[in-house]
Amino acid sequence: MSRYVNVAVDNKSEYTDTFYTYSAPDEVRTGAKVTVPFAGRKKPVDAYVVQADVVPDCDVSRIKAIAEYIPERSLSEEMIETAIWMRKRYGVKYIDAIKMFTVQGKRIRKDRQLSDEAHMPAYHLTEEQQNAAKKIETAMEAGKSETFLIKGVTNSGKTEVYMKAVEKALDLGKTAIVLLPEIALSNQTEERFKHRFGEKMVATLHSKLTTSRRLEEWARIRSGEAKIVVGARTSVFAPVENIGVIVIDEEHESTYKSDHNPKYETVDVAYKRAAANKAVLVLGSATPSVVSYYRCSKGIYQLIEMPHRVGTSVLPDIETVDMRIETRKGNMTVISEALARGITESLEKKEQIILFLNRRGYSTQIMCPECGHKLTCEDCGITLTYHKSSNSAVCHYCGRKRPLPAGCPECGSKYIKYIGSGTEKVEETVMRLWPEAKVQRFDLDTAGSEKEIKDVLESFRAGETDILVGTQLLAKGLDFRNVGLVGIINADVSLNIPDYRSQERTYQLITQVAGRAGRAGGASRVLIQTYDPDSSVIQSAERNDYEDFYENELLHRNIMNYPPFSDIISVTFVDKKDSTESALEYAKLFRDTLKNLKDAPKGAVILPPREAERRTDGKARATFIIKAPQGSRAGYIRAYMNMRDSMVRAKAPCYIEIDVNPYGIV
């Protein structure tokens, strides 16, 4: 008697997002990678088994057999279940979700010699660390799927607690995933884990690896050789089985939210995988996201607090500098008098200095002083940034570079003015004012490759660099021992971004960057330069008062019906050609459909559609926002998928996309 399976075919077409039935031998189970004859193609195509032992709903004489079974590239049943769950939660295609668990490449290399030598130091945990580790280990021993949020100040020793949790997972014969917000951090942390547990035991997955290296690491994980995975957000899809613990460090970071297809939230996926494996999920941050902290108050997460730094390390003194006074004094530079004095004093004491500005480039705007025209990206509508090193105008949304115009494209004036400051300008100013100091810049322009990232960080860690100028990359958990001064050049930058999280983001950035100071003990300072010293967020950050910030922000979110009191769903219609009219027409139609749903939730807000900015593809877009009350998200996802399917069947002139709780919206 024949046996049948359903598969998801690896095909980009929107018309094939469904299951296809094939006959298969007994060894082919859910998760198996196979090749199948498909749509009259000359060669079989890749596919993954999503259901085994199915009863066909068609004439079995028409069912074809799979062509090949590829066990070494197959997945587990839990991974397939998670992919199907992602489709329901985010409205993504089956194959897009499944492929998050896979890697490209054909030949698996096995020529690297990895040491299994481990160094287990006699590390004495503080009382806070012991209590945190004990709670996590107790849950792991009980086989409970619980989630812990460690709210620990910077340098409170959270990483050592993570290490103990991973060690416990291994003792229980299980595996571990450790997630970090940036590749720059994963390199540093990967080395720590390799030193502790041995090279063979640890693998890493991130986008900076070559295809062959990424496949090699994937194979080591899938075979069970590597039981600890350290990496950026995509490592949540590492092909490990029997997971004991998943750690998400700096859980508040926006990089854990995927902003390209498939769009997902890393914490959600980790929560789902932990539940399926009866594993413990550990989230850690000095500045937890408002949503995560709120979940603690509702008993969804268990809160663990670590309010003290380890060893002799003490929190820095934080002061605010009113830049309005600096301007009235005639100081038009990006460096206040107080910060200039602090830099000089720190250099004299042989201390290192971090200067933070979350704007790369030289000047943040290029404009005509005569007519006021600002240069913007014709694809994205975003203001272009002047990069002096390449003498170009760059869009920081799509990355496209353009030569500077000889004059104003609007009025023809020969004069162009550069407004605002980025890290490139700060670096130039600092090098001019302190020529004897070794200055380096750490942003996406100077840290584009793994080698560049390592070189900059190692130089600073070794004391070869006196002053490090950088963007938010500096705020993400980097451990430097000799930083005596942190200068936050313009704390107002993130307050003005078009996102309801702007206040939260500002508090987190200030606190995280400030946390780089004073780690080796002794006095240290943080100077916050701002044009809005009366801002409640700035004041909370100056006092290092998370509770005050949280209460104010939660009140605002409740009034405005923002998360955690709702889910924000961004709906976008993209024209396949170049007709804004058709995109707007379909957007209005879908909005009307949603407003007239029989089971439409009370309190839902659906904003009117508007024309959206064009991107690098030049296609017209129309978009609108849904504020979905808690518990109603699934209904809107179903409505979206029904609309998508009907548009596919009708061969509509545009297609629909959604993004749940995106970053960068008002």
Worksheet item: Which condition number does Tyr15 fail, the rest of (1) under 37 Å from the mean Cα position of the chain (by Cα); (2) farther than 27 Å from Met641 by Cα; (3) in contact (Cβ under 8 Å) with a residue 60 or more places away in the chain being met?
Response: (2)
Worksheet entry | Residues of segment 287-336 satisfying the condition of being surrounded by fewer than 16 Cβ atoms within 10 Å (Cβ to Cβ), under 29 Å from the mean Cα position of the chain (by Cα) and hydrophobic (A, V, I, L, M, F, W, C) | Ile300, Leu303
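Please determine whether any residue of segment 214-232 is assigned to a loop (DSSP other than H, G, I, E, B) and under 22 Å from the mean Cα position of the chain (by Cα).
yes
Please return the ranges of strands (runs of 3 or more DSSP E) entirely within segment 270-338 where 1 or more residues are hydrophobic (A, V, I, L, M, F, W, C) and farther than 27 Å from Gly487 by Cβ. Before the answer, list the steps.
Details: elements: 280-285, 302-306, 317-322.
Result: 280-285, 302-306.
Matching residues to (1) buried (at least 23 other Cβ atoms within 10 Å of the Cβ); (2) within 26 Å of Thr126 (Cβ to Cβ); (3) among the β-branched types (Val, Ile, Thr):
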| residue | (1), (2), (3) |
| --- | --- |
| Ala176 | yes, yes, no |
| Thr204 | yes, no, yes |
| Leu209 | no, no, no |
| Val240 | yes, no, yes |
| Ile246 | yes, yes, yes |
Worksheet entry | Among residues of segment 544-555, those that are at negative phi and modelled with pLDDT under 95, counted | 0
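Could you check segment 53-80 and list, in sequence order, the residues that are of a type in the set (A, V, I, L, M, F, W, C), closer than 19 Å to Ala39 by Cβ and in contact with a Pro (Cβ under 7 Å, 6 or more places away or on another chain)?
Within segment 53-80, Ile63, Ala67 meet the criteria.
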Response to the item:
The condition of being in contact with a helix residue (DSSP H, G or I) (Cβ under 6 Å, 6 or more places away or on another chain), more than 24 Å from Lys88 (Cα to Cα) and in the same structural domain as Asp492 (by TED's automatic domain parsing) holds, among Val290, Val245, Val321, only for Val321
Worksheet item: Any idea which of Ser258, Ser285 is touching a His at 6+ places or on another chain (Cβ under 7 Å) and either on the phi < 0 side of the Ramachandran plot or in the same structural domain as Ile183 (by TED's automatic domain parsing) (or both)?
Response: Ser285
Discussion item. Suppose we filter segment 1-51 for residues that are closer than 20 Å to Glu81 by Cβ, in contact with a Phe, Trp or Tyr (Cβ under 8 Å, 6 or more places away or on another chain), of a type in the set (Val, Ile, Thr) and surrounded by 15 or more Cβ atoms within 10 Å (Cβ to Cβ); how many remain?
Written reply: 7
Item to complete: Only one of these is surrounded by fewer than 19 Cβ atoms within 10 Å (Cβ to Cβ), of a type outside the set (S, T, N, Q) and in the same structural domain as Val269 (by TED's automatic domain parsing): Arg192, Arg220. Name it.
Response: Arg192
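Just to be sure, is Arg591 surrounded by 12 or more Cβ atoms within 10 Å (Cβ to Cβ), closer than 19 Å to Gly91 by Cα and either in contact with a His (Cβ under 9 Å, 6 or more places away or on another chain) or not β-branched (Val, Ile, Thr) (or both)? Working first, answer last.
Working: surrounded by 12 or more Cβ atoms within 10 Å (Cβ to Cβ): yes; closer than 19 Å to Gly91 by Cα: yes; either in contact with a His (Cβ under 9 Å, 6 or more places away or on another chain) or not β-branched (Val, Ile, Thr) (or both): yes.
When the stated conditions are applied, Arg591 passes them.
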Worksheet item: Residues of segment 339-381 being of a type in the set (Lys, Arg), at pLDDT 80 or above and in a loop (DSSP other than H, G, I, E, B), which ones?
Response: Lys349, Lys350, Arg359
Worksheet entry | strands (runs of 3 or more DSSP E) completely within segment 560-657 that count 3 or more residues being β-branched (Val, Ile, Thr) | 566-575, 621-629
Worksheet item: What is the number of the single condition among (1) at pLDDT 95 or above; (2) surrounded by 16 or more Cβ atoms within 10 Å (Cβ to Cβ); (3) not assigned by TED's automatic domain parsing to the domain that holds Glu27 that Glu78 does not meet?
Response: (3)
Practice prompt. Would you be able to say whether some residue in segment 596-607 is at pLDDT 85 or above, β-branched (Val, Ile, Thr) and within 30 Å of Cys395 (Cα to Cα)?
Written response: no
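Would you check if Asp545 is under 21 Å from Cys296 (Cβ atoms), surrounded by fewer than 20 Cβ atoms within 10 Å (Cβ to Cβ) and free of Cβ contacts under 8 Å to residues at least 60 places away in the same chain?
Here the answer is yes, as Asp545 does meet what is asked.
Of all the residues that make up segment 385-417, how many are more than 25 Å from the chain's Cα centre (by Cα) and either basic (Lys, Arg) or in the same structural domain as Arg461 (by TED's automatic domain parsing) (or both)?
First pass over segment 385-417, keeping only residues more than 25 Å from the chain's Cα centre (by Cα): 386-393, 402-417.
Of the ones still in play, those that are also either basic (Lys, Arg) or in the same structural domain as Arg461 (by TED's automatic domain parsing) (or both) are 388, 402, 414, 417.
Adding up the residues that qualify gives 4.
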Response to the item:
In segment 1-31, anything under 15 Å from Tyr94 (Cα atoms) and among the hydrophobic types (A, V, I, L, M, F, W, C) is listed as Val7, Ala8, Val9, Phe19
Worksheet entry | So Val493, is it of a type outside the set (Phe, Trp, Tyr) and in contact with a Phe, Trp or Tyr (Cβ under 6 Å, 6 or more places away or on another chain) | no
Worksheet item: Got a sec? Which of Val269, Val310, Val290 is β-branched (Val, Ile, Thr), in contact with a Pro (Cβ under 8 Å, 6 or more places away or on another chain) and touching a residue at least 24 places away in the same chain (Cβ under 8 Å)?
Response: Val290
Worksheet entry | Residue within segment 606-624 that is under 30 Å from Asp317 (Cα atoms), among the aliphatic types (A, V, I, L, M) and either buried (at least 16 other Cβ atoms within 10 Å of the Cβ) or over 24 Å from the mean Cα position of the chain (by Cα) (or both) present | no
Response to the item:
Of the residues in segment 59-101, those that are assigned to a loop (DSSP other than H, G, I, E, B) and over 23 Å from Ser13 (Cα atoms) number 3
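The values are calculated or read from the model by the stated rules, or taken from the named source; none is laboratory data. The structure presented is a predicted model; accordingly, all values stated were derived computationally and were not measured. Every residue, glycine among them, receives a Cβ derived from its backbone with ideal geometry; neighbour counts consider all protein chains shown.
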